[in-house]
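Peer 1: The structure under discussion is supplied below as structure tokens; questions concerning it will follow.
The values are calculated or read from the model by the stated rules, or taken from the named source; none is laboratory data. Remember, it's a predicted structure, so these values are computed and weren't measured experimentally. Note that we place each Cβ from the backbone using ideal geometry, even for glycine, and neighbour counts take in every protein chain shown. Note: accessible area is taken over every heavy atom of the protein model, side chains too, but ligands, DNA and RNA are not part of it. Shrake-Rupley method; radii C 1.70, N 1.55, O 1.52, S 1.80 Å.
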Amino acid sequence: MTKVCDEASSQPPSKKRKALDESAETAETETTKTKKAGSCSKQAGSSGVRRTQSRAKLSMLPSLNLDILLEIFSHLFPIDLLHLARTTKALRNLLMRRNTSTVWKYAFTQIQGLPECPSDVSFPAWAHLAFEPVCHNCYTSNVRNISWILRTRLCSRCAKICLEDADIFDAKNNIDKYILKCVPFNDNDCRSDCRRCCLASDRKRFVQELKAHRKDRQKFVEQKMAELAARLDHALLCEDWSKALANERAIALRQIKDNRHNAISEKLLQLGYGKELDFLSDERADDVKHSEYVPFHKHHLVRHPRNLTDKVWDSIKDGLEDYMQKVRAYIERKERKELIWKRRERAALAWNKYRNVECEPESFLPNQIDIWVWDPVRDIIERPSDAEVTKDSFEQVFRGLPSFIESWQRDKITQIVHNATDTMKWISFPGISDLELATCVFTCSNNFFHSLMRCYEDNQSCLMWFPEFVHHQCNTLMQRGYGENDEELQDLDSCELLSVRSETLGFRRRQWSARWLFFDDKASRTVESILTACGMSQSAKVQQLDQEDPRLICLKCSFGAKCDGERCFFVMTWRTAVQHNVKKHFGDRQTNFQRISSLDVEEAKRLETAEQVRRLSVNPNHPQQPVDKSWRCTWCRDCSVEPGALTLVQMQKHQKRRHNRLKESLEESVDYYRAYDRPPPQPYPVKMKPRDPTVNL
Ligand SMILES: [Zn+2]
Ligand SMILES: [Zn+2]
Ligand SMILES: [Zn+2]
Ligand SMILES: [Zn+2]
């Protein structure tokens, strides 16, 4: 065999060589002990450390009898021979000599499964390609990808420089067509983008050769194509070999890691960390991720690919114990938290039971979160973990609930009054009773929630009178994941107990707060104007105005013209009139209204009913407007299954289905109650020609 030993001439400078040797020694020394692995033998690895010493001794080697030398060398792996050849000039000369090719050959036979060194590649170059994980262009270490067809390893940077895309060659071009046929092209293994490319150097050499074979070009090309076909077959075999090797290495490495993992677990078990280990392995099975600590199997001391010896254990023991202590503390915190939630659940059950028996369903009541933060209940919930807490424990302190509820209601109403005081511009400081004034109008700034909760019709603004704003949904519901810092408890977002999925998906109950409410000055002035039109006192309560139930026309729309029995007007209820001014006239303070004659009200109401029927007949599939969803279920109140505000028919169905209650046995204010969080449904405005009301006076 005539091997040209050109590898040695292309050897990198010594500084780089050191990097090579170090990189050749991977952490998996155990794997490399097997002869199959070959590339990274222990001897080769340690040579980096003992270089000077070894060289001093090795320098004597060439002076030994050649047969003895060759006998010694024949026990080495190819990579060892390569390293040896780089140590001294004498050894290099010896190992690069043709007559030592049997040593190389023998060395390669020790590598199980590696296809034979191709006849056009020298043994050292073959060893260099197969076993040295370095870039063949810049000698960067840790380049694992081998292109067996291009017979090179390239780092990503050099791949850009050394490779040429197949795209740049034109199959119709005289030279290019031969390049595409005869030069080795790699499909994907050197670069991640899977493009066909060849080595620029291969291409250049081929073009030169092609030019030299001007006379027998056809023969030359055929020969090259045959060579390429053989090279491709060989490359495929090499590919299989390196894949199998990588696989074996991965398995062996896994084994080492598993052994270490198990050995460390055993040690920690002996130190009393059994519970923590179980916990960690459950977390691993459930793929739990959190920021408190890294998972056990990912801990750098655990996953290190080295068998655990006593010496190693001594050096890592403290670090691992610190880690286990951290896990222990975490488990304690977690268990405590779970216990607290269990207790809260019991408190909520006890409260629901109490509320359903003792409280008027219509009344303004705290929800379970407000109960949890009530001191006597909070004290029970936060008792030491070993204390027993049952439903009874809560029922005992519930004797104090009536006075708590009273003070809670006062406190919340005062919050609303403060809100009003902060935002109102024209009424003097209100007291609690002032909240019932018709001129006391609130709005909620959380329009985003309203659209999600669909609590207002498209043409409606959120205008609220007593008691609607007290029961307004934004006071007690919020979107999950938007935890507000005005809540006293943590982690409410993750509590299933607080979900309102049947009512508004993605929402949960919150501790009562009036943070979104503010006084609506413009609406308030509009009411003032309506009261004037009705001849009512400015201190009339909303209930009085509702009882009066006047019908009004907007004088701004008619440019001041009043009812005269001939002119057509839109006639509205007082609430619709406020909505009208806010929407249509942007809450203009100058807008005046006229109340139509009581003689026309009957006709207006008849038209309102007719209007509803007309709209329904025009569009039967459209839900009847406005939908009268005025009722809530007493038994489901504040539970996750609460269906929300329902029509009476829906409520009857719900009671039958969920509570097995027949329609006839249902009682208002017992089984269901008025949904005060909803605006009372208003009839459509109707067109009519009201008479002049002053004439009839
Ligand atoms: Zn490179
Ligand atoms: Zn709101
Ligand atoms: Zn108007
Ligand atoms: Zn119910």
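Peer 1: Measuring with a 1.4 Å probe in the full set of protein chains, what accessible area per residue, in whole Å², belongs to segment 527-680?
Peer 2: Normalised by residue count, the accessible surface of segment 527-680 is 54 Å².
Peer 1: Long-range amide H contacts for LEU477: which residues qualify at under 5 Å (H placed 1.01 Å from N, peptide plane, sequence gap of 5 or more or a different chain)?
Peer 2: The list, which skips near neighbours in sequence, is ARG510.
Peer 1: Moving on to the next point. Calculate for the chain the 222 nm mean residue ellipticity that helices alone would give, adding -39,500 (n - 2.57) per DSSP H run of length 4 or more and normalising by residue count, nearest 500 deg cm²/dmol.
Peer 2: For the chain, the value works out to -15000 deg cm²/dmol.
Peer 1: Which of ASN485, LEU94, PRO361 sits farthest toward the positive end of the charge dipole of the chain, with +1 on the Cβ of Lys and Arg and -1 on the Cβ of Asp and Glu?
Peer 2: Selected residue: LEU94.
Peer 1: Find the relative contact order for segment 137-277 and round it to a whole percent, using C-alpha pairs within less than 8 Å whose residues are 6+ positions apart.
Peer 2: 20
Peer 1: Turning to a different aspect of this structure: How many angstrom separate the Cα center of segment 429-503 from the Cα center of segment 364-423?
Peer 2: 20
Peer 1: Could you tell me whether segment 514-629 comes out rounded, prolate or oblate from its Cα gyration tensor? Rule is a ≥ b ≥ c as square roots of the eigenvalues, rounded for a/c under 1.5, then prolate if a/b exceeds b/c, otherwise oblate.
Peer 2: It comes out oblate by the Cα gyration axes.
Peer 1: Mind checking the dipole of the chain: about its Cα centre, +1 per Lys or Arg Cβ, -1 per Asp or Glu Cβ, Debye to the nearest 20?
Peer 2: With only Lys, Arg, Asp and Glu charged at Cβ, the dipole is about 3840 debye.
Peer 1: Based on the alpha-carbon gyration tensor of segment 571-618 and its eigenvalue square roots a ≥ b ≥ c, which shape applies: rounded if a/c is under 1.5, prolate if not and a/b is larger than b/c, or oblate?
Peer 2: Because a/c hits 1.5 or more and a/b fails to exceed b/c, segment 571-618 counts as oblate.
Peer 1: Quick one: what are the phi-derived ³J(HN,Hα) couplings along segment 338-347, Karplus 6.51/-1.76/1.60 with θ = phi - 60°, whole Hz, x for glycine and proline?
Peer 2: Once θ is set to phi - 60°, the couplings for segment 338-347 become 5, 5, 4, 5, 4, 5, 4, 4, 5, 4 Hz.
Peer 1: Would you mind checking which residues have amide H under 5 Å from PHE507's amide H? H placed 1.01 Å from N; only 5 or more apart, or other chain.
Peer 2: So PHE507 has HN proximity to ARG480, VAL500.
Peer 1: Within the accessible area of the chain, what % is carbon and sulfur when the probe is 1.4 Å and the other protein chains stay in place?
Peer 2: Carbon and sulfur atoms account for 50 percent of the accessible area of the chain.
Peer 1: Rounding to the nearest 20 debye, state how big the charge dipole of segment 504-627 is about its Cα centre with +1 on each Lys and Arg Cβ and -1 on each Asp and Glu Cβ.
Peer 2: 720
Peer 1: Further, regarding this structure: Could you give me the ³J(HN,Hα) list for segment 667-675, computed from phi with Karplus coefficients 6.51, -1.76, 1.60 and θ = phi - 60°, whole Hz, x at Gly and Pro?
Peer 2: These are the phi-based 3J(HN,Hα) values: 10, 5, 6, 10, 7, 9, 9, 5, 7 Hz.
Peer 1: Using alpha-carbon pairs under 8 Å, 6+ residues apart, how would you state the relative contact order of the chain in percent?
Peer 2: It comes to 9 percent, rounded to a whole number.
Peer 1: Apply the Karplus curve 6.51 cos²θ - 1.76 cosθ + 1.60, θ = phi - 60°, to the phi angles in segment 597-603 and return the couplings in whole Hz, x for Gly and Pro.
Peer 2: Listing the rounded values in order: 4, 4, 5, 8, 5, 4, 4 Hz.
Peer 1: Here's a follow-up. Work out the length of the dipole vector of segment 103-206 about its Cα centre, built from +1 on the beta-carbon of each Lys and Arg and -1 on the beta-carbon of each Asp and Glu, and round it to the nearest 20 debye.
Peer 2: Roughly 120 debye, rounded to the nearest 20.
Peer 1: Shifting gears a bit: Once you keep just the Cα pairs under 8 angstrom separated by 6 or more residues, what percentage relative contact order results for segment 524-666?
Peer 2: Relative contact order for segment 524-666 comes out at 20 percent.
Peer 1: With every protein chain kept in place and ligands, DNA and RNA left out, what is the accessible area per residue of segment 154-259? Probe 1.4 Å, answer in Å².
Peer 2: 62
Peer 1: Expressed in nm², what is the orientationally averaged projection area of the convex hull enclosing the Cα positions of segment 137-249?
Peer 2: 7.6
Peer 1: Per the Debye formula with a single identical scatterer at each Cα and no solvent contribution, what log10 I(q)/I(0) holds for the chain at q = 0.07, 0.10 Å⁻¹?
Peer 2: Here the Debye-derived log intensity ratios amount to -0.75, -0.99.
Peer 1: Normalised radius of gyration for segment 321-389, please: alpha carbon Rg relative to 2.2 N^0.38 Å, two decimal places.
Peer 2: 1.48
Peer 1: Another question, if that's okay. Under the rule of at least 5 residues apart or a separate chain, name every residue whose amide H is placed under 5 Å from the amide H of ARG551.
Peer 2: Distant-sequence amide H within range of ARG551: ILE596.
Peer 1: Is segment 246-309 rounded, prolate or oblate when judged by the Cα gyration tensor, a ≥ b ≥ c being the square roots of its eigenvalues, rounded requiring a/c under 1.5 and prolate requiring a/b larger than b/c?
Peer 2: Oblate is the answer for segment 246-309, as a/c is 1.5 or above yet b/c matches or exceeds a/b.
Peer 1: Measure up LYS160/LYS243; LYS289/LYS391; LYS541/LYS663; LYS556/LYS629; LYS160/LYS219; LYS342/LYS653 against 29 Å on the Cα-Cα distance and list the ones that go over.
Peer 2: Long pairs (Cα-Cα over 29 Å): LYS289/LYS391; LYS541/LYS663; LYS556/LYS629; LYS160/LYS219; LYS342/LYS653.
Peer 1: Mind checking which of LEU555, GLN590, LEU607 is farthest towards the positive end of segment 540-616's charge dipole, using Cβ charges of +1 (Lys, Arg) and -1 (Asp, Glu) about the Cα centre?
Peer 2: The residue sitting farthest along the positive end of the dipole is GLN590.
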